[in-house]
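Colleague: Encoded as structure tokens, here's the structure I'll be asking about.
Derivation of every value follows stated rules applied to the coordinates shown; laboratory data play no part. These figures come from a predicted structure and were not determined experimentally. Using ideal geometry, Cβ is built from the backbone for each residue, glycine included, and neighbour counts are taken over all protein chains shown.
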């Protein structure tokens, strides 16, 4: 994985010193909150429902064991012994003291981490595929480009005050595990005539106006991607609306300007940009790529797995995915135990995962946008030992991509923007479908819950989506069906009037029953929905 | 009744105006009538509070209860982690919020 050079470290260290000074001035009364707020937000420090909340950047979701241990240390020393892994592959702490924040940032800097650009109208953390570098069908490893874009976008002077926040995802397989087309810019690395380049999609997003990003370029040579994105951002920066927060995202610009006109302006700008020579030299691309060289896999390992323990076999069937290297597997660690809080992990669990990454996965792990953790390189012979350790720590749930693997935003329990609680609804649904056999029978079913229209819980992209709203001071939940954040990307449709907290759990169960009653061989929930449409579901939901 | 809330500047803790200072317990909050904004401005200026604002509440069963669920969650803590709430030993406290 990438290691900071002297420039990276100097930049981050300088930012820590700067924020320490700013915090001292705020506490001494030399800065007002109006002056200080944008400064703390630039360092990921929000003021949330109960306290300050710190969002720490995890570039493209990748962490070393040492970094993971630091996240556990911060949870233990400065917070309430846990952290919350987010749908942006980051981690948040909910109980931070302002007076501690500079020390936390210093601790993060000591392991090449920071909270820069995890808030504000700038380019946020670059997200990517949690199976990067190990997926058998990828055309290239997307992480070198993600890292290049991290460096390009960090403190970019022209893009520090965009009309609105800006999110970029990079993938390199046809199978989309990063909700790529629901980002402001989505990049899919492709191979054309033996050359690697990028398909570029612009103008996707969720929130109050969900949109699927249209493709604006089918191929940009790899070495010109930075220039091309610079052109995309420049056109947005020039024309994006700054007069209306709700119309400021690039998706609105692309929609209102039209894809063709937006693309025309980008191409025009791109011609100008290419002449400026801002693309990194090949040597720099190679320097970055060298950090992502495959680890020293052992050769000739067996692919046999002893499945005599039925609980272990269930976990293997659900949580373990094929690796491109014979003898190895990808392990998905569920942060969705029944009764738990999606994405939460205690400091002890975070430490344990760090241990397992160091011992069994070449000292590397990934945070997924579905709020789980991946150990990307585990020997099949070690799977039982990994599962045993996880299970003892309450991390042995077998529910990947099943109805129990719920994405949920923090909702009204933590978030000052939320209108309704998300987590209790997730817990009730998990409890209703706790039986492993029942979940397995339902098959792939991605359920996503947001506590407000900002859609941090990706409800638009859920096969079943739930949106919490405030109806005259009472929590109410709308149900959506048919969404997908994968390569069959689609936006969910609202079924009709909303439900109360218990009613929404019943409604989910009824929707699954309609699926079971109508599915044909091999059909997932979303396949059946697409074939039979909304009406059979509405007929049952509102009978 | 109108009560005044804010966050402690240094810790971020949720705090409530008691008439002569701030408390972390909503039951200590007092009716500020029409003077909430004036008090808020003075307290923020003095750096004793951050992001202060007025909200509606009522006396229910002899104690102050904010009108909106969001403020009740602020007052208590997350409903999904009552062990982290201000009253972790009170099994009925969740009902006060909902």
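Colleague: How big is the gap, in Å, between the Cα center of the range A:522-543 and the Cα center of the range A:209-281?
Modeller: Distance between centres, Cα-based: 37 Å.
Colleague: Less than 17 Å from a label point 7 Å out along the Cα-to-Cβ axis of residue B:61: which backbone N atoms in the range B:11-34 qualify, by residue?
Modeller: Only B:26-28 pass the distance filter.
Colleague: For every helix of n ≥ 4 consecutive DSSP H residues, a contribution of -39,500 (n - 2.57) applies; sum these over the protein assembly as shown, divide by its total residues, and give [θ] at 222 nm rounded to the nearest 500 deg cm²/dmol.
Modeller: Theoretical 222 nm ellipticity from helices: -10500 deg cm²/dmol.
Colleague: Roughly how many whole Å is it from the C-alpha centroid of the range A:335-383 to that of the range B:41-98?
Modeller: Between the Cα centres of the range A:335-383 and the range B:41-98 lies a distance of 35 Å.
Colleague: Same structure, new question: Can you classify the protein assembly as shown as rounded, prolate or oblate using the Cα gyration tensor, where a ≥ b ≥ c are the square roots of its eigenvalues, rounded means a/c under 1.5, and otherwise it's prolate if a/b beats b/c and oblate if not?
Modeller: Numbers: a/c = 1.42, a/b = 1.19, b/c = 1.20.
Note, shape of the protein assembly as shown comes out rounded.
Colleague: Between residue B:89 and residue A:218, what's the calculated FRET efficiency when r is the beta-carbon distance and R0 is 60 Å? Round to 0.05. Intermediate results must be reported in sequence, preceding the final value.
Modeller: Details: r = 62 Å, r/R0 = 1.03.
Efficiency, rounded to the nearest 0.05: 0.45.
Colleague: Here's something else I'd like to know. Looking only at B:37, B:11, B:63, which one moves most when chain B is put into a Gaussian network model with springs between Cα atoms under 10 Å?
Modeller: Between B:37, B:11, B:63, it is B:11 that shows the largest mean-square fluctuation.
Colleague: Efficiency by 1/(1 + (r/R0)^6): what FRET value for residue A:35 and residue A:516, r their Cβ-Cβ distance, R0 = 56 Å, to the nearest 0.05?
Modeller: On the way: r = 58 Å, r/R0 = 1.03.
Using R0 = 56 Å, I get an efficiency of 0.45.
Colleague: Taking other Cβ within 10 Å of each residue's Cβ, how do A:184, A:441 sort, fewest first?
Modeller: Values: A:184 26, A:441 11.
Ranking A:184, A:441 by Cβ neighbours within 10 Å, fewest first, gives A:441, A:184.
Colleague: Need one word for chain B: rounded, prolate or oblate. Basis is the Cα gyration tensor (sqrt eigenvalues a ≥ b ≥ c); a/c below 1.5 gives rounded, then a/b vs b/c decides. Intermediate results must be reported in sequence, preceding the final value.
Modeller: Details: a/c = 2.32, a/b = 1.47, b/c = 1.59.
Cα axes put chain B in the oblate bin.
Colleague: Something else now. Shape call for the range A:387-543 from the C-alpha gyration tensor, a ≥ b ≥ c root eigenvalues: rounded (a/c under 1.5), prolate (a/b greater than b/c) or oblate?
Modeller: Working: a/c = 1.60, a/b = 1.03, b/c = 1.56.
Here the range A:387-543 falls in the oblate category.
Colleague: Please compute P(r) over all alpha-carbon pairs of the range B:1-42, binned at 5 Å starting from zero, and give each bin as a whole-number percent.
Modeller: Binned Cα distances yield the sequence 6, 27, 34, 23, 8, 1.
Colleague: Based on other C-beta atoms within 10 Å, arrange A:84, A:239 from fewest to most.
Modeller: Fewest to most other Cβ atoms nearby, the residues stand as A:239, A:84.
Colleague: Within the range A:442-475, find all residues whose amide N lies under 17 Å from a label point positioned 7 Å from the Cα of residue A:538 along Cα-to-beta-carbon.
Modeller: The answer is A:465.
Colleague: Give the percent of DSSP beta bridges with both residues in the range A:115-249 that are antiparallel, rounded to the nearest 5.
Modeller: 65 percent
Colleague: Same structure again: Using the 10 angstrom Cβ neighbour count as an exposure proxy, how do A:56, A:170, B:60 rank, fewest first?
Modeller: Result, fewest neighbours first: B:60, A:56, A:170.
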